[in-house]
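**Q** The following block contains the structure, expressed as structure tokens.
The values are calculated or read from the model by the stated rules, or taken from the named source; none is laboratory data. Not measured: the values here are computed from a predicted model. Ideal geometry is used to build each Cβ from the backbone, glycine not excepted, and the neighbour counts take in all protein chains shown.
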Amino acid sequence: MTKKVIQINKNPVYDIGMITTVFSKDTEFNGSLSFKKSLQINGNFEGEITSGGFLVVGEGAVIKANIKAKTVILMGTVYGNIEAALRLEIHTTGKLYGNIRTAKLQIADGVVFEGTCEMIKSDAKKPDRESDEKEDSIEQVPEEVLL
């Protein structure tokens with residue numbers, strides 16, 4: 001009889017998926033950070049963050065950086081601009097001192113936000129080229145026909 005090994009992953013799970021990497025509260029990181037899947041920062045970070053996945057800024061985290069990611073969940077403090085292609089959630093403990101560019105925005109009561117917000121079109125749904133071509137090919141009706 002073989003034994004089954006069960007590993008319990010203690011990384012946080014959110015509606016959008018499980019966090020694959022966590023920087024603990026004792027972590028201090030400076031520089032340029034790039035990742036593909038998901039990351040939660042609970043410590044201090046200074047520099048620049050870019051991702052094709054999602055970023056969680058945990059409670060107590062302090063980030064001094066411009067952030068570009070698909071989804072950002074903010075529960076800590078960010079000094080810098082955030083560009084979230086799909087969505088940005090700022091929870092009650094979140095503080096943002098910078099500008100926002102996102103397709104969807106959720107801000108809870110008690111949030112500190114100093115900056116501007118620009119709503120953009122979501123990258124999730126790219127326009128259909130055929131429908132654009134059809135709209136462009138519609139013939140103009142001469143004015144004399146319209147009475």
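**Q** Out of curiosity, is Arg87 closer than 21 Å to Val13 by Cα, part of a strand (DSSP E or B) and at pLDDT 95 or above?
**A** yes
**Q** Restrict the check to the stretch 84-91 and report whether at least one residue is over 13 Å from the mean Cα position of the chain (by Cα) and buried (at least 16 other Cβ atoms within 10 Å of the Cβ).
**A** yes
**Q** Which residues, counting only those in the stretch 33-83, are over 26 Å from Asp109 (Cβ atoms), touching an Asp or Glu at 6+ places or on another chain (Cβ under 7 Å) and in a loop (DSSP other than H, G, I, E, B)?
**A** Gly43
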